[in-house]
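To keep things clear, I will list the structure first and then write my remarks on it.
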Amino acid sequence: MKHSKREAKSHTKYNSSLHEIRFKVLLFLHRLGGIPLKMNSASRLTTIYNATFMVCFYITYICVCVNTFVHRHQLSLAMKNFRIVLIFQLIVWLHFSVR
């Protein structure tokens, strides 16, 4: 019994480090984007950065939506802004999916 418990603990430890090795680039990119995957705890600086980034992002998103609505009668400007709104919407969807 004791032998199997030790083996199970070492096996799960091996799997977590194996995942760290295999997905090192993806985990780095997610962490660089502010999504703390597979981290023990986020630092205060990371938390402040995430909060500031999210507030700025959503304020910009709302401003672009309002700008698109205001200039809806100028088709060329409205279409330029609408493309930006679609990109922002994709980023919001990705953010909510990953979080």
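Computed from the coordinates by the stated procedures, all read-outs in this text should not be read as laboratory data. Values in this document were obtained by computation on a predicted structure and should not be read as measured data. Here the Cβ positions follow ideal geometry from the backbone for every residue, glycine too, while neighbour counts run over all protein chains shown.
A few points about this structure:
- Potential lengthening between Thr52 and Leu32 on full extension [0.36 nm per residue; Cα-Cα distance subtracted]: 5.7 nm
- Residue-span extension gain [Arg72 to Ser41] - 0.36 nm each, minus C-alpha spacing: 6.6 nm
- Spin-label pair Glu20/Phe96, simplified geometry with 7 Å Cα→Cβ offset, distance in nm: 3.4 nm
- The fraction of all Cα pairs in segment 34-99 landing in successive 10 Å bins from 0 to the largest distance is 19, 39, 24, 13, 4, 0, given as whole percents.
- Residues Tyr49, Tyr61 in ascending order of nearby Cβ atoms (within 10 Å, fewest first): Tyr49, Tyr61.
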